[in-house]
Amino acid sequence: MIKKISFFLILFLIFIACNNCPKATSLPISQSKGVHSTEINNDTIQILSLDFNEKNLLLIIGNKITSFYHHPVAYASGILPKSSIVPPRARYSGNKIIQYLKDQNKNHYRFVVGLTSKDICTNANGISDWGIFGLGSLDASGCISSTCRLKKGVSEKKVIERLEKVVLHEIGHNHGLAHCISPYPCFMKAADGKISQVDSEPMDMCVECKSKIKM
Ligand SMILES: [Zn+2]
Ligand SMILES: [Zn+2]
């Protein structure tokens with residue numbers, strides 16, 4: 001589902017109506033920490049940890065990104081911008097986080113992949129803070145993925161598998177891919193808010209999506 005929001009295009013990833021995630025707390029604005037200059041080039045993706053508690057997953061996600069998209073990755077950490085908090089449930093606006101990722105990308109990474117454990121949202125279905133798994137722009141501004149809605153009642157192995165799919169999906173958007181409508185199994189399908197859709201998807205794009213981005 002493609003929606004025009006503000007001045008750049010945002011594609012919704014996956015919505016769920018779950019309201020049982022921890023409420024976010026107010027946090028100060030902070031710039032991410034710097035990374036070593038030798039890691040920086042136009043093909044490198046920056047993975048920016050923003051209030052991301054599952055630090056042991058960072059390398060796993062980075063390696064998955066490199067193995068699938070062949071992008072080098074650089075790592076940095078920070079906190080979510082306070083300005084992205086959406087009342088009344090204090091979730092964080094995925095759209096505002098993506099704008100933040102774009103604004104703070106002073107080193108000109110190809111784009112920035114944000115990871116957080118906080119609950120993120122977007123304006124959808126008439127609700128200003130509709131909870132989502134992730135959000136990615138079609139204009140390579142960046143993407144944000146959250147573990148908040150991936151963790152309930154499942155093993156760490158399952159959380160990793162879900163997060164890998166969500167992150168790879170959002171990066172697909174950053175490469176310009178819309179949701180896949182091919183008849184083939186593909187992680188670029190719209191999940192329509194269902195974690196079961198994420199779980200049923202392969203850890204792969206279909207041939208049609210791959211051909212669109214010349215993979
Ligand atoms: Zn999507
Ligand atoms: Zn596809």
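Taking the range 152-173 as the range and being more than 11 Å from F133 (Cα to Cα) and either without any contact (Cβ under 8 Å) to a residue 24 or more places away in the chain or among the basic types (K, R) (or both) as the test, the residues that pass are K152, G153, V154, S155, E156, K157, K158.
Taking the residues in the range 169-197 that are aliphatic (A, V, I, L, M) and crowded, with 22+ Cβ neighbours inside 10 Å as candidates, determine which candidate is nearest to F111 (Cα to Cα). Selected residue: I171. Against the definition (more than 24 Å from K189 (Cα to Cα) and without any contact (Cβ under 8 Å) to a residue 24 or more places away in the chain), how does K106 come out, yes or no? So K106 passes the test. Of the strands (runs of 3 or more DSSP E) contained entirely in the range 1-98, those carrying at least 1 residues that are surrounded by 14 or more Cβ atoms within 10 Å (Cβ to Cβ), modelled with pLDDT under 95 and away from ligand 2 (no atom under 16 Å from the Cβ) fall at 2-5, 8-12.
Taking the criterion of being of a type in the set (S, T, N, Q), out of contact with any Leu (no Cβ under 6 Å at 6 or more places or on another chain) and more than 17 Å from P88 (Cα to Cα), the only residue of the range 111-129 that qualifies is S117.
The values are calculated or read from the model by the stated rules, or taken from the named source; none is laboratory data. Because the structure is predicted, anything quoted here is derived from the model rather than measured. Neighbour counts are summed over all protein chains in view; Cβ atoms, including those assigned to glycine, are modelled from backbone coordinates with ideal geometry.
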